[in-house]
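Report on one structure; see the data block that follows.
Derivation of every value follows stated rules applied to the coordinates shown; laboratory data play no part. Computed from a prediction, not measured in an experiment: that's the story for all the values here. Virtual Cβ from ideal backbone geometry, glycine too; neighbours counted across all protein chains shown.
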Amino acid sequence: MCGIVGYIGVEQAGPFLLDSLEKLEYRGYDSSGVCLNTGSELVVKKAKGKLEVLKQMTDSGKSLNGTVGIGHTRWATHGEPSDVNAHPHLSESGRFAVVHNGIIENYQELKDYLTSKGIVFRSETDTEVIAQLIEYYYKGDMIDTIIRVLGKLDGSYALGVITIESPDEIIAVRKESPLIIGLGNNENYIASDVTAILSKTKKICRLENNEIAILKKDSVRIVNLDREEIHKEAEIVSWDISSAQKGGYEHFMFKEIMEQPKAISETITPRIKNGRVVLDEISLSDDDIKKFNKINVLACGSAYHVGVVAKYIFEKMLRIPVEADLASEFRYRDPIVNDKTLTIVISQSGETADTKEAMKEARRRGSHIISIVNVVGSAIAVESNDVIYTWAGPEIAVATTKAYSTQLSVIYLIALYFGEKLGRIPAAEYKALVNELEQLPRKITQVLECKERVQYLASKYFNSKDIFFIGRNIDYALSLEGSLKLKEISYIHSEAYAAGELKHGTISLIEDGTPVIALATHEELIPKMVSNIEEVNTRGAQVICIACDDHPELKKLGETIFIPKVCDMLLPSLAVIPLQLFAYYIASLKGCDIDKPRNLAKSVTVE
Ligand code: F6R
């Protein structure tokens with residue numbers, strides 16, 4: 001959702017701000033804006049709609065004057081998407097400008113108070129309250145003012161503030177929403193997301209809750225709410241600038257699909273040593289692991305679908321009951337969770353509001369939290385007991401692919417690690433599984449070769465009104481992911497059903513020509529799947545079947561895509577590839593905005 005950038009240095013700030021706002025577009029937004037400090041006034045340019053509008057308005061930032069500035073991409077929460085509600089927001093006199101990510105929960109109360117003091121508001125946003133409060137409380141010292149204002153705010157925020165009262169600085173502060181400081185040579189930056197500043201620097205500091213940073217062009221000071229100085233070591237980001245660029249591909253989504261072998265290799269290789277899975281990140285002793293009588297997996301969207309796969313894998317291999325829960329539902333159902341429950345939280349961004357809150361709920365109830373997160377230092381990573389990072393690199397396309405796949409590979413690692421500790425996997429089987437896991441990136445590279453065939457199939461069905469996905473067991477979990485991927489980027493209506501459920505109602509939706517993607521990767525379930533495919537075939541469905549190797553029986557029933565045979569545990573990692581490609585090619589043939597589908601944001605930081 002919303003994105004923040006800021007620059008202070010010796011160059012003109014405008015072109016950098018516009019360029020880095022473009023890097024944040026993937027997060028999802030409906031308006032954008034910048035504010036530059038000319039030294040004598042704050043000049044704001046902002047506009048509803050695509051960043052292109054702001055670019056044209058400012059000649060890509062070149063027509064703006066000033067070496068200090070802040071910028072923002074807004075996802076509307078309080079007040080409709082409009083020019084006036086776009087950030088930055090100015091105080092009444094125009095001396096203070098603010099960009100804000102997050103939500104101020106008590107903004108109405110604060111607005112009423114300031115209005116009663118005669119202050120006139122221009123926008124409907126919660127953010128304007130912050131700019132007005134700063135001006136209201138300002139008595140000559142910005143840090144004192146910010147501390148006073150923060151004391152009035154309830155909610156979450158990352159803020160960038162500039163003022164003509166001290167034109168050579170940017171103030172940055174955060175609570176619950178992420179904000180980083182980029183360190184350059186005679187220039188410094190703020191950003192909500194490291195991808196915004198990767199073109200300038202890889203040297204960063206992460207702000208913690210309630211830390212206030214005062215950036216000048218040649219220094220960064222950080223203080224806490226008691227004005228005590230905080231010293232932070234800078235860290236060097238491992239992500240490379242090329243990972244945040246398309247690198248010759250038409251879309252980030254396609255690039256990220258193709259990057260999956262590398263991402264999985266980087267996630268699993270350092271964690272397999274001498275044929276054993278070693279998860280140094282897990283702080284649980286063997287006795288701790290033995291005491292769990294239940295595993296909860298909490299996540300949203302595709303990450304939740306990984307959780308559904310995990311349920312099948314953990315229950316089969318560990319013989320521990322598993323509940324995969326939508327984080328947004330978990331919080332409101334008084335879940336049965338205690339210190340004998342292990343909670344696994346899955347999130348690419350590490351910032352998803354529902355997932356974060358569900359995690360806190362589980363923790364409050366005594367559960368040990370292991371998170372699987374892609375963004376280093378994100379809130380979920382920091383607030384869980386143990387974090388296992390997926391080394392997928394930055395994922396820019398809104399529709400997740402490589403993050404999903406690396407999350408799956410961490411599930412395999414956990415299954416093997418716990419399986420060994422619990423003594424539930426015979427030694428020979430364990431050895432074979434680890435060996436196959438090490439081969440997984442190579443097998444995925446092989447599966448990616450099906451892309452031309454998938455493109456051909458997509459060309460047959462891209463005009464369809466509805467497309468269904470069916471499967472049993474883990475293939476049902478995969479159907480959920482295939483269906484979500486398709487609908488989110490191609491806008492075709494799609495549903496996923498457990499194949500055995502069809503005849504309990506949903507088969508009535510099948511009519512002449514309805515495409516049905518049938519997943520039949522598990523040998524022992526093929527006879528059942530064949531019956532289900534025949535059921536839909538006789539009602540006129542056009543079936544595309546995804547199965548292992550050349551299965552003659554399935555070939556007779558419709559189109560087929562075959563993946564290589566691997567052990568059951570790893571099948572989802574191969575079978576998901578044609579599903580991702582199918583969604584991609586359909587969306588491409590329909591001319592959709594693949595990387596930034598309508599109404600969607602990359603990280604969903606509101607509940
Ligand atoms: C779908 C997709 C979303 C995310 C979901 C959770 O392609 O990307 O469904 O999986 O919004 O996001 P994270 O993983 O950041 O918590």
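Summarising the amide proton neighbourhood of residue 368: residues at separation of 5 or more, or on other chains, whose placed amide H is nearer than 5 Å comprise 341, 343.
The long axis of helix 127-137 is offset from the longest Cα principal axis of the chain by roughly 30 degrees.
Distance from the C-alpha centroid of the stretch 362-378 to that of the stretch 185-217: 25 Å, rounded to the whole angstrom. Between the stretch 332-356 and the stretch 244-274, the C-alpha centres lie 27 angstrom from each other. Under 5 Å between amide hydrogens, built in the peptide plane, is the criterion, and for residue 68 it picks out 13, 37 among residues at least 5 positions away or on other chains. With the Cα gyration tensor of the stretch 370-503 giving a ≥ b ≥ c as the square roots of its eigenvalues, does the rule (a/c under 1.5 for rounded; else a/b larger than b/c for prolate; else oblate) give rounded, prolate or oblate? It is prolate, given that a/c is not under 1.5 and a/b is the larger ratio.
The translational diffusion coefficient of the stretch 519-607, from Stokes-Einstein at 4 °C and 1.567 mPa s with a Kirkwood hydrodynamic radius over alpha carbon pairs, comes to 85 µm²/s. Across the stretch 15-32, computed HN-Hα scalar couplings (Karplus, 6.51 cos²θ - 1.76 cosθ + 1.60, θ = phi - 60°) run x, 5, 4, 5, 5, 6, 5, 4, 5, 8, 3, 4, 5, x, 6, 10, 7, 8 Hz from first to last residue, x flagging Gly and Pro. Derived from the Cα gyration tensor, the three semi-axes of the equivalent ellipsoid of the chain are 45, 27, 22 Å, largest first.
If the chain linking residue 236 and residue 599 were pulled fully straight, counting 0.36 nm for each residue of separation and taking away their Cα-Cα distance, it would gain 127.3 nm. The value of relative contact order for the stretch 3-238, using C-alpha pairs under 8 Å at least six residues apart, is 20 percent. A dipole drawn for the stretch 451-590 from +1 and -1 charges on Cβ atoms has a positive end, and of 471, 574, 584 the residue lying farthest that way is 584.
Using a simple spin-label model with pseudo-atoms 7 Å out from Cα toward Cβ, residue 113 and residue 11 lie 4.1 nm apart. Listed from fewest to most Cβ neighbours within 10 Å, the set 173, 322 follows the order 322, 173. A cut-off of 5 Å between modelled amide H atoms, ignoring neighbours fewer than 5 places along the same chain, links residue 472 with 499.
May I ask for the percentage of alpha-carbon pairs in the stretch 451-590 that lie more than 19 Å from each other? Percentage above 19 Å: 43. For the stretch 12-133, relative contact order (Cα pairs under 8 Å, six or more residues apart, normalised by length) works out to 26 percent. Comparing Cα centroids, the stretch 578-601 and the stretch 128-167 end up 42 angstrom apart. Sequentially through the stretch 425-436, phi angles give Karplus couplings (6.51, -1.76, 1.60; θ = phi - 60°) of 10, x, 3, 5, 5, 4, 4, 5, 5, 4, 4, 5 Hz, Gly and Pro residues having no value and appearing as x.
Taking θ as phi - 60° and the Karplus parameters 6.51, -1.76 and 1.60, the scalar couplings of the stretch 244-254 work out to 9, 10, 6, x, x, 7, 6, 9, 4, 4, 5 Hz in sequence order, x denoting glycine and proline.
For q values of 0.19 Å⁻¹, compute log₁₀ I(q)/I(0) with the Debye formula on a Cα-only model of the stretch 253-443, without solvent. Debye curve over Cα of the stretch 253-443, log10 I(q)/I(0) at q = 0.19 Å⁻¹: -1.37. What is the fewest-to-most order of 332, 157, 29, 584 by other Cβ atoms lying within 10 Å of their Cβ? Ranked by crowding around the Cβ, least crowded first: 332, 157, 29, 584. Is the stretch 172-233 best put as rounded, prolate or oblate by its Cα gyration tensor, with a ≥ b ≥ c the root eigenvalues, rounded for a/c under 1.5, and otherwise prolate when a/b is larger than b/c, oblate when not? Oblate.
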